[in-house]
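Asker: First the structure, which I've put down as structure tokens, then a few questions once you've had a look.
Laboratory data are not the source of any read-out in this text; all were calculated from the coordinates shown. Here the structure is a predicted model, which means the values were calculated and not measured. Note that each Cβ is placed from the backbone with ideal geometry, even for glycine, and that neighbours are counted across all protein chains shown.
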Amino acid sequence: MKLYQRILGHPFVYDRVRPLVVGGIDWSPLYRNLDVGPSDVILDVGCGTGVALQYLTGFGAYHGFDTDESAIESARKKTSALNVNYECRLVTPADIKRIAPTRIVLAGLLHHLTDDECLALLQMCAKAISVRRIATSDPVHLPRRYLSNLLTLLDRGKFVRKREQYLDLPRRAGLRVVREELVRSHPRSGIAMYLMMTLAPPTNPLVG
């Protein structure tokens, strides 16, 4: 199982093979939900191989965190921009205070974490006064979506949830679910289904 996990997590498999298996991957809806402007500071928790920068442009600063050394190494090779920084470790409350992100992206992260780990992370995000918007995307178990559900069994993440279970997490963490949608991995050919959530702190009007 560990070898299987390592193979699936290899940058080449993640970036090139995985899209073929699921019928293509287009993360445009996720990054549209983030609604990034030229002055925004982005925190990408579980940034992987740096896929976000294929979709994000015109931001103030970007900070990516991941615990996978191979993924971080791959991400660093893809850019030399001075306003982009990658770190190979867990993000901490001190990091969030220092970075003061306005936008946080949790792309394909929650299904790798237990409920307690999700709540700790989401609560950490909710307490950051700088945060205006959080965007998430994760594979989801759905009724009668047999092929998509089969793919979730092959996923590295051990905690793929049902739609209502995902939606319950931010609410328990003190965040508002401003928008949620079920999205195919690719609008034309995708066979994997993802739940995308747009979140905001409870007192944040989500303007801008």
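Asker: Given 5 Å bins starting at zero, what is the percent of C-alpha pairs of segment 2-198 in each, up to the one with the largest pair distance?
Answerer: 1, 7, 16, 21, 22, 18, 10, 3, 0, 0
Asker: Taking H as built 1.01 Å from N, whose amide H comes closer than 5 Å to the amide H of V178, not counting residues under 5 places away?
Answerer: Correct list: T198, L199, A200.
Asker: In whole angstrom, how far apart do the alpha carbon centroids of segment 96-168 and segment 45-91 sit?
Answerer: 18
Asker: Which whole-number percent gives the relative contact order of segment 2-198, counting Cα pairs below 8 Å spaced six or more residues apart?
Answerer: The value is 22 percent.
Asker: Continuing with this model, one more query. For segment 2-198, what proportion of DSSP beta bridges, expressed in % and rounded to the nearest 5, is antiparallel?
Answerer: In segment 2-198, approximately 35 percent of DSSP beta bridges are antiparallel ones.
Asker: Evaluate the charge dipole of the chain about its Cα centre and quote only its size in Debye, nearest 20, assuming +1 on the Cβ of each Lys and Arg and -1 on the Cβ of each Asp and Glu.
Answerer: 320
Asker: How big is D, in µm² s⁻¹, for segment 32-147 by Stokes-Einstein at 25 °C and 0.890 mPa s if Rh is the Kirkwood radius over C-alpha pairs?
Answerer: Roughly 166 µm²/s, to the nearest whole number.
Asker: Run through all the Cα pairs of segment 83-147 and give the fraction in each 10 Å bin from 0, expressed as whole percent.
Answerer: Reading upward from the zero bin: 17, 48, 25, 9, 2.
Asker: May I pose another question? Spelling out what I want: for every residue of segment 185-196, take phi, set θ = phi - 60°, compute 6.51 cos²θ - 1.76 cosθ + 1.60 (Karplus), and round to whole Hz; glycine and proline get x.
Answerer: Once rounded to whole Hz, the list reads 4, 9, x, 9, 10, x, 10, 9, 9, 10, 9, 10.
Asker: I would also like to ask the following. Using the number of other C-beta atoms within 10 angstrom as an exposure proxy, rank V105, V91 with the fewest first.
Answerer: Fewest to most other Cβ atoms nearby, the residues stand as V91, V105.
Asker: Still on this structure: Report P(r) for segment 110-208: all Cα-Cα distances, bin width 5 Å, range 0 to the bin holding the largest distance, values in whole percent.
Answerer: Result returned by the calculation: 2, 14, 23, 23, 16, 12, 7, 3, 0.
Asker: Taking H placed 1.01 Å from N in the peptide plane, check which residues at least 5 places from V140 or on another chain put their amide H under 5 Å from its amide H.
Answerer: Those lying under 5 Å, H to H, from V140 are M193, L195.
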